[in-house]
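Inspection log for the structure reproduced underneath, given as structure tokens.
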Amino acid sequence: MSRIAYVNGQYVRHPEAAVHVEDRGFQFADGVYEVCEVRQGMIVDLSRHLNRLDRSLRELKMASPMSRAALTLVIREVLRRNRVRNGIFYLQVTRGAARRDHYFPAPDTPPTITITAKSTDPSVAAKKYANGIKVITVPENRWDRVDIKTVGLLPNVLAKQQAKEQGAQDAIFVDRDGIVMEGASSNVWIVTPEGELVTRPAEHGILKGITRTTLMDVAAKLDLKVAEREFKVEEMMAAREVFFTSATGICVPIVEIDGKPVANGHPGTVSASIRDAFFDIAEKTPI
């Protein structure tokens, strides 16, 4: 079965999906996106993802392509047409297609919207959770507004590639003072020797992850203490556990950083307990 994409009001075969050559997302990275997990036929945390999409659009003074209700209907239809029960959908909105110019195009320029969806194999994620991943640290070199979920991800791409070339699976950005920022496509958490969950505040300098936000709800249900504060690489290396959170990887344990093991070099129990409880507590929207 051919995959189906949604492009500016039309459902088209995935190999034929295309946008204009002068689309501003293509030429200026003038666009935003969201990635959302689908599990057991349910869209996970859809409301929070769409709330963040609205915020990203506002921050870039970009028009919304349609109402919340209409967008939800389209997302569901894309998932149904692709027969996704376990997987993800990717939604992208740009400022539209117009003659190339750094200034914003005319106000009546329609935004470009594309939505794709694909199934994923739950056993692949399960293996990652069971074994953990290796990561490297890289210097923070991104623009200052990483709190907006834009499509301008070249530093993230380079960081991921560097990790791959060094035999790792991911990367963590660290600022010039040695403070941990976030992963190349995720938020970073540590579990202190005392059992406290710690993650960096999300008001500035990182993306406020949706999974990160829902994890706060999960931690409260499990009576786990959470602190939002900065921490340095040294504290991360001394942690009981370190893990990533993102829509595509709930509590992915990190077992090695820059060639050195985290704790005993195996996934920990705190992240596992959070992961086990996550789906029950997260918002679930039927397809």
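When a/c is below 1.5 the answer is rounded, else prolate if a/b is larger than b/c, else oblate, so apply that to segment 17-66 with a ≥ b ≥ c taken from the square roots of the Cα gyration tensor eigenvalues. Here segment 17-66 falls in the oblate category. Any chance you could look up the accessible area of Asp276 with a 1.4 Å probe, heavy atoms only, rounded to 10 Å²? Approximately 120 Å² for this residue.
Taking amide hydrogens as placed 1.01 Å from N in the peptide plane, the amide H of Ile172 sits under 5 Å from those of Ile136, Thr137, Val138, each at least 5 positions away in sequence or on another chain. Compute the distance from the alpha-carbon center of segment 43-101 to that of segment 210-278, in whole Å. One Cα centre to the other: 28 Å.
With the alpha-carbon atoms of the chain aligned to their principal axes, the span from lowest to highest coordinate is 55, 40, 34 Å, starting with the largest. Think of it as helices only: each DSSP H run of n ≥ 4 in the chain is worth -39500 (n - 2.57), and spread over all residues that comes to -9000 deg cm²/dmol at 222 nm.
Computed with a 1.4 Å probe on the full set of protein chains, the accessible area for Tyr129 sits at about 40 Å². Measuring with a 1.4 angstrom probe and ignoring ligands and nucleic acids, Met66 comes out at about 40 Å² accessible. Counting only aspartates and glutamates at least 8 places from Lys284 when in the same chain, those with an alpha carbon closer than 16 Å to its own are Glu37, Asp45, Asp217, Asp276. Of all lysines in the structure, those lying under 24 Å Cα to Cα from Lys232, and not within fewer than 8 positions of it along the same chain, are Lys134, Lys160, Lys164, Lys208, Lys260.
If a/c stays under 1.5 just call it rounded; otherwise compare a/b with b/c (prolate if a/b is bigger, oblate if not). Do that for segment 43-162, with a ≥ b ≥ c from the square roots of the Cα gyration tensor eigenvalues.
It comes out oblate by the Cα gyration axes.
Of the GluC sites (Glu not before Pro) in segment 142-237, the ones in a loop by DSSP (not H, G, I, E or B) with at most 16 other beta carbons within 10 Å are Glu194, Glu196, Glu203, Glu230. The phi torsions of segment 280-287, fed into the Karplus equation with coefficients 6.51, -1.76 and 1.60 and a -60° offset, translate into couplings of 5, 8, 5, 5, 10, 10, x, 5 Hz, rounded to whole numbers, with Gly and Pro shown as x. Only protein atoms count toward the accessible area here, which uses a 1.4 Å probe; on the chain, the carbon and sulfur part of that area reaches 52 percent. Heavy atoms of the protein chains alone define the surface here; on that basis the chain has 49 Å² accessible area per residue at 1.4 Å probe size.
Given 0.36 nm per residue, what is the gain on full extension from Ser2 to Asp101 after removing their alpha carbon distance, in nm?
Once the chain is fully extended between Ser2 and Asp101, it gains 32.0 nm.
Legend: residues Lys260, Lys61, Lys149, sorted from most to least accessible area (1.4 Å probe; ligands, DNA and RNA excluded), read Lys61, Lys260, Lys149.
The values are calculated or read from the model by the stated rules, or taken from the named source; none is laboratory data. If you're wondering where the values come from, they're calculated on a predicted model, not measured in any experiment. Using ideal geometry, Cβ is built from the backbone for each residue, glycine included, and neighbour counts are taken over all protein chains shown. Each accessible area value is taken on the protein alone, full model and side chains, heavy atoms only, with ligands, DNA and RNA left out. Shrake-Rupley method; radii C 1.70, N 1.55, O 1.52, S 1.80 Å.
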